[in-house]
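Notes to accompany the following structure.
Just so it is clear, none of the values below were taken in a lab; they were calculated from the coordinates. What you see is a predicted model, and the numbers here were worked out from it, not measured in a lab. Here the Cβ positions follow ideal geometry from the backbone for every residue, glycine too, while neighbour counts run over all protein chains shown.
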Amino acid sequence: MLKNIQYKILFLAFGNLISISVQAQQNLKLTYNKPAENWNEALPIGNGRLGAMVFGGAIQEHLQLNEETIWAGEPGNNIPKNTFDSIQKVRRLINEYQFEKAQDLTNKTFPRQAPKNLNYGMPYQTMGDLFLDFKGHENFKNYTRTLDIEKAISNVSYEVNGVIFKREIFSSFADNVIVIKLSSNKKGSLNFSVNASTPHKVNSIFTEKNKLVIIGTSGSVDNKVGKINFKTVAFPVLKGGKLTSTKDKLEISGADEVVIYVSIATNFKKYNDISGNPDARVSDYLNKALSKKYNDELKVHVEKYQKYFKRVNLDLGTTEQTKKTTDVRIKEFGTSNDPDLVALYFQFGRYLLISSSQQGTQPANLQGIWNYQLNPAWDSKYTVNINTEMNYWPAENTNLSEMHEPLFDMIQDLSVTGQESAKEMYKARGWNMHHNTDLWRITGVVDGGFYGMWPMGGAWLTQHVWNHYLYSGDKEFLKKNYDALKGCALFYLDVLQQDPSKKYLVVSPSMSPENKYFKNVSITAGTTMDNQLVFDVFNNFINVAKILNQDKNLSEEIKIALSKLPPMQIGQHAQLQEWLTDMDRTDDKHRHISHLYGLFPSGQISPFRNPELAEAAKNSMIYRGDKSTGWSMGWKVNWWARLLDGNRAFKLISDQLSPAPMETKGQSGGTYPNLLDAHPPFQIDGNFGCTSGIAEMLLQSYDGYIYLLPALPDALPSGSVKGLKARGGFEIDMDWKNFKLTKLVVKSALGGNARIKVAKNLNLRSKTKIASAKGENSNEYYQVNSIKTPLKSNKSELKGFVVPETEMFDFKTKKSGVYIFEVK
Ligand code: FUC
């Protein structure tokens, strides 16, 4: 975007203090002055389906390649037979407070390793690697390597013996191929060979008519046989020079310019259909790309990408740090003033979502689409007890609504495959899933009872459906997803159990994801997160059924069940209780703080409506501490933003932007030189979580109004943002200076009342007639579901939650109306 930002430098000249304006440039590029030495330094490109990590070596270019449907295994679910009786026994043991026995029986029923006749989900797998070897390029200089996230192109440039060599590499949004253009400023100086490798056992690499071809079959894991067949073709188009080939290598000599098109295809059509023809598909993609001139290919690629990317602009100001390479900026972030790196990180999150999740593709998995292994960490599949949802947190508010669609498609699939787990394991109607799924849409328990006995995956995923509606107002979309929402509600209606002590309706057995409340026990009933999730599932159903005028009787039945869910509880340590009984430990540092789901992404806890719950949530956060895995820190940015503490949110951004550790395992995250998040190892959720958190610091719309600049930290006194979305189809542009909003533009796509909350005494002026806000917001997308009064331990000492002084005003908007406010 290269937008000029002005900042002032004071200096002494001739004894006088003079202030001058200096132009510094915001630069939407990741930049480096040396080739990547490892994968965490390589740069990700992607078009939703095809991904590559570009290493940018001068002597050897290396592209690690992915196609999003290369997964191990074959169609089929993973539901064990005859587990209902055990689940019933576990329920009884929980009711008798025999928790260790309940855990033991769960572990026995669902062992840690997949039994022989079952599987715990398949890994997402790399395709392989493409190498370009350059003779005589050992002594290179003036090297630069960039990823331009404004255009979705990676560039490499360096000089050898006075000749400048350049590469331009992108995963084309125009034609579904990866394109590598090589050029130099001296005719005839391109001499290199093209070769490839793949780690797949079943493979063959050969040349055929000036093309390099790789074919292979995905891996076999557990009880599944690898049945994804893939084909990759690398086809160089030369200007000048000549191309020769050996058995498995292409040699290019004396060329002026070369464009290599890489096409990859598989036989995957749908989770239950692998009848596609990789040969035909690979040629089809390639021929389409070859029918265009390179410049047209590039032009369409950039246009298609920018259609999404350019919707949002964020300027937080620049400093001298902006001019440094990205790896150095990350290293120095904690000790320097580099607000622009926050803006770059935010936009990089948007870049990653556009590049890994396009309409018609698979949703972004644990590593988006970028993975170099056959057996990556946690299979690089979909973990839905936080990670998959986190990937899509920035989809609506950062104006990338279309990128959300692959997740909705997956929910549709799961609402079918999940009927098997609902019926077989729980004798319940509807559908459910547990904490993992994969390309084949498995819905059974994974990784054994301790981690996997959590029947809540569908409850969390379907929140995205309702949220998409709140942002878009798309009733057709609601209709299309009605059965999935209904099936999810029916499942909980059927499985809720009566808790023996207070007669609440609770999910049993379940857990507060991956955390234990004593000894080695995670298994319990009625965890706070489960209660919050079911609360949202039921309310969504009641709301949607009303909007679509459906299922009145079922709604009434669900309202009764809803009224019997447990309220939230404030425990003895003044914390939000994680479990139904007050078992929280103040020294618990677990990365999951699942009971704060109610604070974010859900909106059940608001500092204005329920200050006591907000205070308790804050205490839980303080006990847990800041530093953790990447995704956990990303979540914390959102929580602190919702708690209106901009400085603490910024502290978490700093923790996230600290250099990732060398270890490939553990609980201490950070950011790799390529700006990707470290769990460790690389896991993309932290990027998306933090991106969403930055948006939440600037704008929130979950609580009945649009709150502008709710959590601005001291480090970001001035800036501007354009194109953030609020619920109800509003789009917001804002400028702020010295922590005060100076300009606001509200664009309304759907019309309706706009209710705006800002800091007190702002004195915004406008031609638009405004009125101070009274009562609940009349806008249908801003209705807040009321929660039960929380219970409070008499040992809990609350000090009071101080909210900033604000004011709220309303104005009527029309469809496509634009409303401008200014502070003079
Ligand atoms: C959950 C987390 C882990 C990891 C894995 C993919 O199980 O607890 O930290 O992110 O998902």
(request) List the residues whose amide H sits under 5 Å from the amide H of ALA196, counting only those 5 or more places along or on another chain, with H placed 1.01 Å from N in the peptide plane. (result) PHE131
(request) Rank-order 737-743, 575-581, 675-681 by packing density, defined as the average count of other C-beta atoms within 10 Å over each peptide's residues, highest first. (result) 675-681, 575-581, 737-743
(message) What does the charge count around VAL446 come to, taking other residues whose C-beta lies under 14 Å from its C-beta (Lys +1, Arg +1, Asp -1, Glu -1)?
(response) -1
(message) Could you work out how much longer the chain between ASN33 and LYS767 gets when fully extended? Use 0.36 nm per residue separation minus the Cα distance between them, nm to one decimal.
(response) 259.1 nm
(message) From the gyration tensor of the Cα coordinates in segment 110-249, what semi-axes in whole Å does the equivalent ellipsoid have, largest first, with each one equal to sqrt(5λ)?
(response) 37, 19, 14
(request) Note down the nm distance, to one decimal, between modelled labels 7 Å out along Cα→Cβ at ASN647 and at PHE206. (result) 6.9
(request) Arrange ILE542, ILE547 by Cβ neighbour counts within 10 Å, fewest through most, would you? (result) ILE547, ILE542
(request) Would you list which aspartates and glutamates come within 19 Å of LYS299, measuring only between C-alpha atoms, while excluding same-chain residues fewer than 8 positions from it? (result) ASP148, GLU150, GLU168, ASP175, GLU257
(message) Starting from the Kirkwood Rh over alpha-carbon pairs, what translational D in µm² s⁻¹ does segment 202-259 have by Stokes-Einstein at 25 °C and 0.890 mPa s?
(response) 187
(request) Calculate the length of the line joining the C-alpha centroid of segment 41-94 to that of segment 236-305, in whole Å. (result) 25
(request) Note down the relative contact order for segment 511-633 as a percent, whole number, built from C-alpha pairs under 8 angstrom at least six residues apart. (result) 27
(message) Please list, in order along segment 431-437, the HN-Hα scalar couplings obtained from phi with the Karplus expression 6.51 cos²θ - 1.76 cosθ + 1.60 (θ = phi - 60°), rounded to whole Hz, x for Gly and Pro.
(response) 9, 8, 8, 9, 8, 9, 8
(request) Determine, at each q value in 0.13, 0.18 (inverse angstroms), the log₁₀ of I(q)/I(0) that the Debye formula gives when each Cα of segment 748-789 is one equal point scatterer. (result) -0.40, -0.71
(request) Would you calculate a helix-derived [θ] at 222 nm for the chain, using -39,500 (n - 2.57) for each DSSP H run of n ≥ 4 and dividing by the full residue count, to the nearest 500? (result) -9000 deg cm²/dmol
(message) Taking the number of other C-beta atoms within 10 Å as the exposure measure, put HIS435, HIS468, HIS137, HIS595 in order starting with the fewest.
(response) HIS137, HIS468, HIS435, HIS595
(message) As a quick test, which of the pairs LYS310/LYS665; LYS227/LYS475; LYS503/LYS552 have an alpha carbon distance above 30 angstrom in this structure?
(response) LYS310/LYS665; LYS227/LYS475
(message) Given the options GLY719, LEU762, ASN779, identify the residue whose Cα lies farthest towards the positive end of the charge dipole of segment 705-824 (+1 on Cβ of Lys, Arg; -1 on Cβ of Asp, Glu).
(response) ASN779
(message) Testing the spin-label approximation: label points 7 Å from Cα along Cα→Cβ at GLU100 and ASN553. State their distance in nm.
(response) 4.9
(request) Please tell me the relative contact order of the chain in percent, rounded to the nearest whole number, where contacts are Cα pairs under 8 Å and at least six residues apart. (result) 12
(message) Placing +1 on the Cβ of each Lys and Arg and -1 on the Cβ of each Asp and Glu in the chain, which of GLY162, PHE230, VAL342 has its Cα farthest towards the positive end of the resulting dipole?
(response) VAL342
(request) Please give the FRET efficiency for ILE622 paired with ASN520, using the beta carbon to beta carbon distance and R0 = 35 Å, rounded to the nearest 0.05. (result) 0.85
(message) Below 8 Å between Cα atoms, with a sequence gap of 6+, how large is the relative contact order for segment 335-481 in percent?
(response) 19
(message) Under 10 °C and 1.306 mPa s, how fast does the chain diffuse according to Stokes-Einstein, given a Kirkwood radius computed over C-alpha pairs? Answer in µm²/s, whole number.
(response) 57
(request) Please go through the residue pairs LYS519/LYS589; LYS502/LYS618; LYS29/LYS166; LYS480/LYS722 and name each one whose alpha carbons sit more than 22 Å apart in this structure. (result) LYS502/LYS618; LYS480/LYS722
(message) If you average the C-alpha positions of segment 416-488 and of segment 518-589 separately, how far apart do those two centres end up, in angstrom?
(response) 16
(message) Filter the chain for me: DSSP H helices, axial length by Cα at least 27 angstrom, mean Kyte-Doolittle hydropathy not below -1.0. List them by residue number.
(response) 405-426, 475-495, 528-547
(request) For LYS299, put the label point 7 Å out on the Cα→Cβ axis and report which residues of segment 142-180 keep their amide N under 17 Å from it. (result) 173-175
